[in-house]
1. Pairs, please: C-beta under 6 Å, at least 6 apart or cross-chain, first residue more than 19 Å from residue 184 (Cβ to Cβ) and in region 139-167, second outside any loop (DSSP other than H, G, I, E, B) and open to solvent by 80 Å² or more (accessible area, probe 1.4 Å)?
2. What about residue 45, is it out of contact with any His (no Cβ under 6 Å at 6 or more places or on another chain), open to solvent by 10 Å² or more (accessible area, probe 1.4 Å) and modelled with pLDDT under 80?
3. Quick check: anything in region 157-167 in contact with a strand residue (DSSP E or B) (Cβ under 6 Å, 6 or more places away or on another chain), outside any loop (DSSP other than H, G, I, E, B) and surrounded by fewer than 16 Cβ atoms within 10 Å (Cβ to Cβ)?
4. Has region 176-184 got any residue that is over 25 Å from residue 93 (Cα atoms), surrounded by 21 or more Cβ atoms within 10 Å (Cβ to Cβ) and without any contact (Cβ under 8 Å) to a residue 60 or more places away in the chain?
5. For residue 221, indicate whether it is surrounded by 18 or more Cβ atoms within 10 Å (Cβ to Cβ), among the acidic types (Asp, Glu), within 23 Å of residue 100 (Cβ to Cβ) and in contact (Cβ under 8 Å) with a residue 24 or more places away in the chain.
6. Which one of 116, 92 is closer than 27 Å to residue 20 by Cα, aliphatic (A, V, I, L, M), touching a residue at least 24 places away in the same chain (Cβ under 8 Å) and out of contact with any strand residue (DSSP E or B) (no Cβ under 9 Å at 6 or more places or on another chain)?
7. Go through the residues of region 77-92 one by one and say whether even a single one is part of a helix (DSSP H, G or I) and small (Gly, Ala, Ser).
8. Restricting to region 157-176, count the residues that are within 26 Å of the chain's Cα centre (by Cα) and among the polar types (S, T, N, Q).
Amino acid sequence: MVDNSSPALILRHLDYGEADRIVTLFTPVQGRIKAFAAHARKSRKRFGAALDLFASSEITWSPRSRGDLLKLTGTELVCLRPHIRESLPAFALANYACELVELLLEEGQPLPELYALLQALLDALDAGEDPGTGRLLYELRLVQLLGYTPHLRHCSLCQTALGEGRFLFHLLSGGAVCGRCRGRLSGLDVGAGTLGSLSRCLRIPLEQFTDVRLGRTTLNEGGMILQQILSAHWSRPPKSLDFLVQVSAPSNLDNP
């Protein structure tokens, strides 16, 4: 059988035995896959840094037998992104972003747009872009790609355009709810400015993380909206989320 090959992002790896490694990869065509790298911890010549976290690599693998992991037969490092490890918030966000791919996509489910999005986020973090803004943009675009985009500019119940003021974000209703429709509903209290900023962010190119400035209120309220949406669809909270919250600090913000 002919080996397969693909570009891949390294999401996670797990040491196995004395020398081997199980690697979780994200590819544009095959989606998320797991592979067995024999002697990966000893054979630096064969695998080198190509299996390091957050790296982009060209990988080759042998077809698997039923129930077995794919077997990595070769790797070529394309981009290591070493600067992500120089900032705790950047490192924490990179881990969180990779874990979301594992939680929200089935193994083997292709989503090339998400591959491009994750790659762009990792590139931005490696270049020193603000993790706070990067997190909101990544989560918002992830929600959009998965088909969970909420109503932001119109009431999700009556479709009336939202003006100025504050509104209810009600997840089960599909998004923002105007004052006339909210009744006894309970949810997040968010400002029109936050809803407008999120809507404008959806019109920014998918892979753009530079030249985007968001205020503290938008990051806080927008972050709560996106966490509500994402948590409704993951099977468990990401293990990396607590660490991300602990090390994150507001930065690169406009006026509150």
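1. Short answer, once both residue conditions are applied: 145/113; 161/154.
2. yes
3. Yes, that holds for at least one residue.
4. Checked against the condition, which is being over 25 Å from residue 93 (Cα atoms), surrounded by 21 or more Cβ atoms within 10 Å (Cβ to Cβ) and without any contact (Cβ under 8 Å) to a residue 60 or more places away in the chain, region 176-184 yields at least one hit.
5. When the stated conditions are applied, residue 221 passes them.
6. Only one candidate qualifies: 92.
7. yes
8. 1
The values are calculated or read from the model by the stated rules, or taken from the named source; none is laboratory data. Just so it is clear, the model here is predicted, and its values are computed rather than measured. Positions of Cβ are generated from backbone atoms using ideal geometry, with glycine treated the same way; all protein chains shown enter the neighbour counts. These area figures cover heavy atoms from the full protein model, side chains too; ligands, DNA and RNA do not enter into them. Shrake-Rupley method; radii C 1.70, N 1.55, O 1.52, S 1.80 Å.
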